[in-house]
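Heads up: the structure comes next, in structure tokens.
The values are calculated or read from the model by the stated rules, or taken from the named source; none is laboratory data. All of these numbers come straight from a predicted model, not from anything done at the bench. With ideal geometry, Cβ positions are generated from the backbone for all residues, glycine too; neighbour counts draw on all protein chains shown. Surface accessibility is based on the protein's heavy atoms, side chains included, excluding ligands, DNA and RNA. Shrake-Rupley method; radii C 1.70, N 1.55, O 1.52, S 1.80 Å.
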Amino acid sequence: MTAQPVLKTDLVQTQLVKPCLVGSDLNDELTSELDRELSKELNKELNKELKKSTQSKFSKAAARYNTHANVQKHAASDLFSLIKPDFNKNKLCVDLGAGPLVNTHTLQSMFASVIAMDLSLNMLQSSDLTTSKICADMDNLPLQANSVDVIYSNFAVQWSANFSALMQSLYSILKPGGQAYISTLVEGSLNEIKTAFAALDSNSHINTFNSELHINQSVQNAGFTINSAKKRIYTDEYTTPLKAIASIKAIGATTQNHTNTRQGLLTKSALQKVCSAYPLINNKACVSYHVVLLSLEKH
């Protein structure tokens, strides 16, 4: 397969729809319609800002990602074990959320062609691996229907703005009989960090993650057959709470998919308060990741 150039897809900027003054004779139905349209536009704008934040944080983390992404490496290994070893010689695989291509080399040994796709151009450019690369948003995939044999995605789809819609999109681009191998974070992840920051304020300081129920329902509603669904809890240990907190920043995972967030940098006293409240196990500061590993098939 001929290698494709790296394609940079910029987020489209749209004018935010603002409330307008209307005459008193405007009926309730029209007012309701305007409210609905305004809500849609506001949600679109919010998603774009969150997506830009995600892109920025992962781009900044590109240089140090490989050093700190320990849990991701364990999950990748477990996900590889789910891949059927036979009949892959002529197949096209998309490494969705490829990051710095840490898993792409292994996928190249399994499949005839591999396309590495990621939202962060810096992540893609940080690797010298020769393969097709596409810089694109997983929530707006630039791939045709029935064009891909296999999708591999490790620790990426939790950043989607709409997981249900993403599953429908993945189902669409897969060929009949195509497989998807996906790992995603679910509720319970980063609870230690959440507990520590609760001592500071009531705002959220980490991403919110989908429930296992929502994951399963979304996959099934998209039309996938679930060949395997396994729950794993991976844990990283650090000598101090500060290092534990810094670890998620080092992999770009401090991005948040909601608006109830604290703005600005922490003061020294605030950070000390957070570290003091961090739950320790045997004098170690742990960071736990609750992960669902999925083996899916399109019939």
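Can you tell me which residue is most open to solvent (accessible area, probe 1.4 Å) among those in the range 121-145 that are under 18 Å from Gln158 (Cα atoms) and of a type in the set (Asp, Glu)?
Among residues in the range 121-145 that are under 18 Å from Gln158 (Cα atoms) and of a type in the set (Asp, Glu), the one most open to solvent (accessible area, probe 1.4 Å) is Asp139.
With (1) of a type in the set (A, V, I, L, M); (2) surrounded by 23 or more Cβ atoms within 10 Å (Cβ to Cβ); (3) in contact with a Leu (Cβ under 7 Å, 6 or more places away or on another chain) as the list, and Met167 as the residue in question, which single condition is left unmet?
(3)
Can you say whether Ser172 is touching a residue at least 24 places away in the same chain (Cβ under 8 Å), buried (at least 16 other Cβ atoms within 10 Å of the Cβ), under 25 Å from Ala285 (Cβ atoms) and more than 16 Å from the chain's Cα centre (by Cα), as far as the supplied structure shows?
Judged against the criteria, Ser172 is not a match.
For the range 162-195, which positions are in contact with a strand residue (DSSP E or B) (Cβ under 9 Å, 6 or more places away or on another chain) and under 17 Å from Ile245 (Cα atoms)?
Gly188, Ser189, Leu190, Asn191, Glu192, Ile193, Lys194
Filter the helices (runs of 4 or more DSSP H) completely within the range 121-217 down to those with at least 2 residues that are modelled with pLDDT of 95 or more and over 30 Å from Cys275 (Cβ atoms).
In the range 121-217, 163-173 are the helices (runs of 4 or more DSSP H) which contain 2 or more residues that are modelled with pLDDT of 95 or more and over 30 Å from Cys275 (Cβ atoms).
If you check Thr259, Thr267, Thr240, Thr254, which single one turns out to be modelled with pLDDT under 90, among the polar types (S, T, N, Q) and surrounded by 14 or more Cβ atoms within 10 Å (Cβ to Cβ)?
Only one candidate passes the filter, namely Thr254.
Determine whether the range 223-231 contains at least one residue that is modelled with pLDDT of 95 or more, hydrophobic (A, V, I, L, M, F, W, C), in contact with a helix residue (DSSP H, G or I) (Cβ under 9 Å, 6 or more places away or on another chain) and surrounded by fewer than 17 Cβ atoms within 10 Å (Cβ to Cβ).
There is at least one residue in the range 223-231 that is modelled with pLDDT of 95 or more, hydrophobic (A, V, I, L, M, F, W, C), in contact with a helix residue (DSSP H, G or I) (Cβ under 9 Å, 6 or more places away or on another chain) and surrounded by fewer than 17 Cβ atoms within 10 Å (Cβ to Cβ).
Which pairs have Cβ atoms under 6 Å, sit 6 or more apart or on different chains, and link a residue in the range 197-211 that is surrounded by fewer than 17 Cβ atoms within 10 Å (Cβ to Cβ) to one that is assigned to a loop (DSSP other than H, G, I, E, B)?
Going by the 6 Å Cβ cut-off, the qualifying pairs are Asn203/Asn260; Asn203/Arg262; Thr208/His258; Ser211/Glu187.
Which one is farthest from Tyr152 (Cα to Cα), of the residues in the range 79-120 that are modelled with pLDDT of 90 or more and of a type in the set (Asp, Glu)?
Asp118
Quickly run through the range 142-187 and pick out the residues that are within 22 Å of Asn88 (Cβ to Cβ) and of a type in the set (Gly, Ala, Ser).
Correct list: Ala145, Ser147, Ser153, Ala156, Ser172, Gly177, Gly178, Ala180, Ser183.
Could you grab me the full set of residues in the range 82-100 that are among the hydrophobic types (A, V, I, L, M, F, W, C), open to solvent by 10 Å² or more (accessible area, probe 1.4 Å) and part of a loop (DSSP other than H, G, I, E, B)? Before the answer, list the steps.
So the first thing to find is which residues in the range 82-100 are among the hydrophobic types (A, V, I, L, M, F, W, C), and the list is 82-83, 87, 92-94, 96, 98.
Subset that is open to solvent by 10 Å² or more (accessible area, probe 1.4 Å): 82-83, 87, 92.
Across the range 82-100, the qualifying residues are Leu82, Ile83, Phe87.
Would it be correct to say that Val114 is crowded, with 24+ Cβ neighbours inside 10 Å and over 19 Å from the mean Cα position of the chain (by Cα)?
For Val114, the condition - crowded, with 24+ Cβ neighbours inside 10 Å and over 19 Å from the mean Cα position of the chain (by Cα) - is met.
Return a yes/no flag: does the range 212-235 have any residue that is among the aliphatic types (A, V, I, L, M), in contact (Cβ under 8 Å) with a residue 40 or more places away in the chain and more than 30 Å from Lys91 (Cα to Cα).
Checked the range 212-235: at least one residue is among the aliphatic types (A, V, I, L, M), in contact (Cβ under 8 Å) with a residue 40 or more places away in the chain and more than 30 Å from Lys91 (Cα to Cα).
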